[in-house]
Amino acid sequence: MKPKKTDLHRDTLAVREAVERSQYGENSEALYLTSGYVQPSAESAARRFAGDEEGFTYGRYGNPTVASFEQRLAALEGAEACISTASGMSAILMMCMGLLKAGDHVVCSHSMFGSTIKLIGTDLAKFGVESTFVSQTDVAAWQAAIQPTTRLLFAETPTNPLTEVCDIRALADIAHNAGALLCVDNCFATPALQLPIALGADIVMHSGTKYLDGQGRVMAGALCASQELVTKTFLPVLKSAGMTLAPFNAWVVLKGLETLDIRMQAQSARALQLAQWLQDHPAVARVHYPGLASHPQHALAMAQQSGSGGAVLSFEVKAAAGDEARARAFHVLDSLQVMSLSTNLGDTKTLVAHPASTSHGRLTEAQRQSAGVVQGLIRVAVGLEHLDDIQTDLDRGLLTP
Ligand SMILES: *Cc1c(COP(=O)(O)O)cnc(C)c1O
């Protein structure tokens with residue numbers, strides 16, 4: 001008899017959880033490239049379309065390879081169910097379309113991913129969804145933002161690029177006392193380091209494009225939640241709006257999950273060593289990394305993120321503010337010979353970026369200043385290269401005029 005899923009450890013589920021093998025006995029999960037499915041009988045087709053019988057009907061509604069990815073991610077997040085989408089942003093859109101209507105209110109942090117702020121604050125505002133953006137780390141500000149119409153609190157922790165951490169358990173309590181739900185964007189920590197559902201979150205959102213794939217190949221997104229939310233609230237949106245994850249992309253991310261834990265551990269270990277080295281570097285003014293004791297939410301991060309700061313850090317070059325700092329940061333970036341100048345993150349190759357002119361380029365200088373995204377700030381999403389080579393590459397610019 002096969003062991004029950006609940007008897008297996010997460011390491012095992014990370015490589016084993018999937019739909020049943022086909023009659024061919026493939027060991028690596030099959031990639032089902034098909035847009036439609038042949039129905040066993042007209043009666044059965046009718047029951048499947050009515051939702052009274054399990055079985056695939058059409059590619060927009062479901063696919064066995066996509067289902068394997070969803071089952072495996074749900075197992076890793078400790079969620080009852082998961083529903084995947086074409087990208088991280090379309091997962092957020094699906095969540096909002098499923099949960100919210102005109103007049104409903106959302107509370108988010110103002111240091112969330114830029115496209116998330118635009119989607120909720122601007123695009124959904126056109127449809128009457130109201131929002132308040134508060135300080136990431138100020139629990140009292142989240143509480144104060146609650147209105148009778150608040151349906152959703154949406155947090156991202158740690159954030160990009162300053163790695164600010166918010167208290168998931170405290171936000172879950174605020175949400176539940178207000179009759180609202182808490183969603184956590186778990187892109188940066190991933191289930192390898194942080195399990196928001198165990199801390200009280202109702203929904204975990206992912207950009208599979210980042211660490212879940214882990215090798216910078218495909219776009220993907222997902223929501224992990226209760227079976228009821230997935231089946232009754234999100235699936236109907238997927239069926240009518242069609243932000244479906246492509247089977248090939250699902251297969252790539254499914255295989256990425258098999259190595260997620262060991263990648264996150266190795267990349268986070270390098271990030272900690274790099275952060276410590278940068279902290280003592282004569283050309284560096286400040287380092288933001290939750291694994292450092294100097295980080296304002298170090299204790300919270302260590303408790304909430306399995307003792308790890310994650311694989312992303314940022315630092316400020318030493319220079320007078322403004323144009324001079326920007327020129328110093330550009331000099332460091334343009335001197336790189338090994339690492340990639342790229343605004344993506346979650347790759348085995350280390351990616352280095354200048355947030356003030358890219359991800360946060362649309363903000364005014366005043367907004368950037370208040371967000372702490374200064375001109376001298378450089379973000380490093382640490383990959384798997386040897387630490388010596390990463391340090392030498394940064395020193396090319398840091399140590400030259
Ligand atoms: C990249 C990212 C997203 C959006 O995901 P896409 O797959 O690019 O649509 C959302 N949140 C965070 C924290 C991200 O880094």
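What is the extension gain from GLN227 to ALA125, computed as 0.36 nm multiplied by their sequence separation minus the C-alpha to C-alpha distance, in nm to one decimal?
On the way: separation 102, 0.36 × 102 = 36.72 nm, distance 2.85 nm.
Contour length minus Cα-Cα distance gives 33.9 nm.
I'd like the accessible area for ARG60: 1.4 Å probe, protein heavy atoms, all chains in place, Å² to the nearest 10.
Probe radius 1.4 Å; accessible area of ARG60 about 90 Å².
Over all distinct alpha-carbon pairs, what is the Kirkwood Rh of region 221-281 in angstrom? Let's see the in-between values first.
Numbers: mean 1/r = 0.0669 Å⁻¹.
Taking every pair of different Cα atoms in region 221-281, averaging 1/r and inverting gives 14.9 Å.
Grab the DSSP H runs of the chain that are 4 residues or longer, score each as -39,500 (n - 2.57), total them, divide by all residues and round the 222 nm result to the nearest 500 deg cm²/dmol. Please list the in-between numbers first.
On the way: 15 runs with 143 residues, N = 401.
Taken over the chain, the calculation gives -10500 deg cm²/dmol.
Picking from SER207, PHE56, PRO158, whose Cα lies most toward the positive end of the charge dipole for region 5-259 (charges on Cβ: Lys, Arg +1; Asp, Glu -1)?
Sorting the options by dipole projection puts first PHE56.
How would HIS206, HIS331 line up by accessible area, probe 1.4 Å, largest first? Mind dumping the intermediate values first?
On the way: HIS206 0, HIS331 50 Å².
Largest accessible area first, the list is HIS331, HIS206.
Once both axes come from the Cα atoms, what is the angle between helix 247-257 and the longest principal axis of the chain, in degrees from 0 to 90, rounded to 10?
60 degrees
Hey, got the dipole for region 260-398? About the Cα centre, +1 on K and R Cβ, -1 on D and E Cβ, debye to the nearest 20?
320 debye
Where in region 75-89 does the label zone of ARG60 land, with the point 7 angstrom along Cα→C-beta and an amide N cut-off under 16 Å?
Of the residues in region 75-89, 85-86 have backbone N under 16 Å from the label point off ARG60.
Need one word for region 128-201: rounded, prolate or oblate. Basis is the Cα gyration tensor (sqrt eigenvalues a ≥ b ≥ c); a/c below 1.5 gives rounded, then a/b vs b/c decides.
Details: a/c = 1.87, a/b = 1.47, b/c = 1.27.
Prolate, since a/c reaches 1.5 and a/b exceeds b/c.
First compute the accessible area of the chain with a 1.4 Å probe, then give the percent of it belonging to carbon and sulfur atoms. Present the calculation step by step, with values, prior to reporting the outcome.
Numbers: 9420 of 17260 Å².
Ligands and nucleic acids excluded, carbon and sulfur give 55 percent.
Give the accessible surface of region 260-398 per residue, rounded to a whole number of Å², with probe radius 1.4 Å and ligands, DNA and RNA excluded. Could the numbers behind the result be given before it?
Values: 5810 Å² over 139 residues.
Result: 42 Å² of accessible area for each residue.
What per residue convex hull volume, in Å³, do the alpha-carbon atoms of region 260-398 yield? Each step should come with its number before you reach the end.
On the way: hull volume 14.7 nm³, N = 139.
Measuring per residue, one finds 105 Å³ for the Cα hull of region 260-398.
For helix 260-279, report the angle its Cα long axis makes with the longest principal axis of the Cα atoms of the chain; keep it between 0 and 90° and round to the nearest 10°.
Here the helix axis deviates by roughly 10 degrees.
Rg/Rh for the chain: what does it come to with C-alpha atoms and Rh from Kirkwood?
Reported Rg/Rh, Kirkwood definition of Rh: 0.99.
Sort TYR24, TYR61 from largest to smallest accessible area, using a 1.4 Å probe on the heavy atoms of the protein chains.
TYR24, TYR61
Give me the accessible area per residue for region 5-259, probe 1.4 Å, as a whole number in Å². Working shown, then result.
Numbers: 10550 Å² over 255 residues.
On a per-residue basis, 41 Å².
Determine the shape class of region 312-387: with a ≥ b ≥ c the square roots of the Cα gyration tensor eigenvalues, call it rounded for a/c under 1.5, and otherwise prolate if a/b is greater than b/c, oblate otherwise.
Values: a/c = 2.31, a/b = 1.60, b/c = 1.44.
Prolate shape, in that a/c is at least 1.5 and a/b is the bigger ratio.
Work through the residues other than SER226 whose Cβ is under 11 Å from its Cβ and net out their charges, Lys, Arg +1 and Asp, Glu -1. Mind dumping the intermediate values first?
Values: positive: LYS232; negative: GLU80, ASP202, GLU228.
So the environment of SER226 carries a net charge of -2.
Run the dipole for the chain about the Cα centre, Lys and Arg Cβ at +1, Asp and Glu Cβ at -1, nothing else charged, and hand back the magnitude in debye, nearest 20.
Details: 31 positive and 39 negative charges, 93 e Å.
So the dipole magnitude of the chain works out to roughly 440 debye.
Relative to the Cα centre, what is the charge dipole magnitude of region 76-225, using +1 at the beta carbon of each Lys and Arg, -1 at the beta carbon of each Asp and Glu, and rounding to the nearest 20 debye? Working shown, then result.
On the way: 7 positive and 13 negative charges, 66 e Å.
Roughly 320 debye for region 76-225.
Between GLN367 and SER335, 0.36 nm times their residue separation minus their Cα-Cα distance comes to what?
Difference between extended and current length: 8.7 nm.
Which whole-number percentage describes the relative contact order of the chain, with Cα contacts under 8 Å and a sequence gap of 6 or more?
Numbers: 798 pairs, mean separation 61.7, N = 401.
Once normalised by length, the contact order is 15 percent.
Counting only the backbone N, which residues of region 227-265 are under 20 Å from the spot 7 Å out from the Cα of SER22 toward its beta-carbon?
245-256
Kindly rank 110-118, 309-317, 264-272 from highest to lowest mean number of other beta carbons found within 10 Å of each residue.
309-317, 264-272, 110-118
Please list, ordered by chain and number, the residues whose modelled amide H lies under 5 Å from the amide H of THR350; skip anything fewer than 5 residues away on the same chain.
SER340, GLY383, LEU384, GLU385
Taking the Cα of ASP388, stepping 7 Å toward and past its beta carbon, and measuring to each backbone N in region 266-281: which are under 13 Å?
Answer for region 266-281: none.
Short version: ³J(HN,Hα) in whole Hz for each residue of region 236-245, in order, from phi by Karplus 6.51 cos²θ - 1.76 cosθ + 1.60 (θ = phi - 60°), x for Gly and Pro, what are they?
Karplus-based 3J(HN,Hα) across region 236-245 equals x, 5, 4, 5, 8, 9, x, 8, 5, 6 Hz.
Specify the inter-centroid distance of region 136-202 and region 232-308, based on alpha-carbon positions, in whole Å.
16 Å
What angle do you read, to the nearest 10 degrees and between 0 and 90, between the alpha-carbon axis of helix 64-77 and the longest principal axis of the chain?
So the inclination is approximately 60 degrees.
Could you calculate the FRET efficiency of SER135 with ASP280 from 1/(1 + (r/R0)^6), where r is the beta carbon distance between them and R0 is 30 Å, rounded to 0.05?
On the way: r = 30 Å, r/R0 = 1.00.
The formula returns an efficiency of 0.50 here.
In nm, what is the difference between 0.36 nm times the number of residues separating LEU33 and ARG217 and their Cα-Cα distance? Before the final figure, lay out each step's value.
On the way: separation 184, 0.36 × 184 = 66.24 nm, distance 1.80 nm.
That pair, LEU33 and ARG217, stretches by 64.4 nm at full extension.
Towards the positive end of the charge dipole of the chain, with charges on Cβ (+1 Lys, Arg; -1 Asp, Glu), say which of THR259, PRO401, THR343 has the farthest Cα.
THR343
Near LYS255, which aspartates and glutamates are there with a Cα under 17 Å away, not counting those fewer than 8 places off in the same chain?
Answer for LYS255, where 17 Å is the Cα cut-off: ASP11, GLU17, GLU20, GLU26, GLU29, GLU70, GLU77, ASP213, ASP347, listed by chain and number.
Using alpha-carbon pairs under 8 Å, 6+ residues apart, how would you state the relative contact order of region 1-144 in percent?
Details: 128 pairs, mean separation 25.3, N = 144.
Reported as a whole number, the value is 18 percent.
The values are calculated or read from the model by the stated rules, or taken from the named source; none is laboratory data. As the structure is a prediction and not an experimental result, all values here were calculated from the model. In this analysis, Cβ positions are derived from the backbone assuming ideal geometry, glycine residues included, and neighbour counts consider all displayed protein chains. When the accessible area is computed, the model is the full protein with side chains, heavy atoms only, and any ligands, DNA or RNA have been set aside. Shrake-Rupley method; radii C 1.70, N 1.55, O 1.52, S 1.80 Å.
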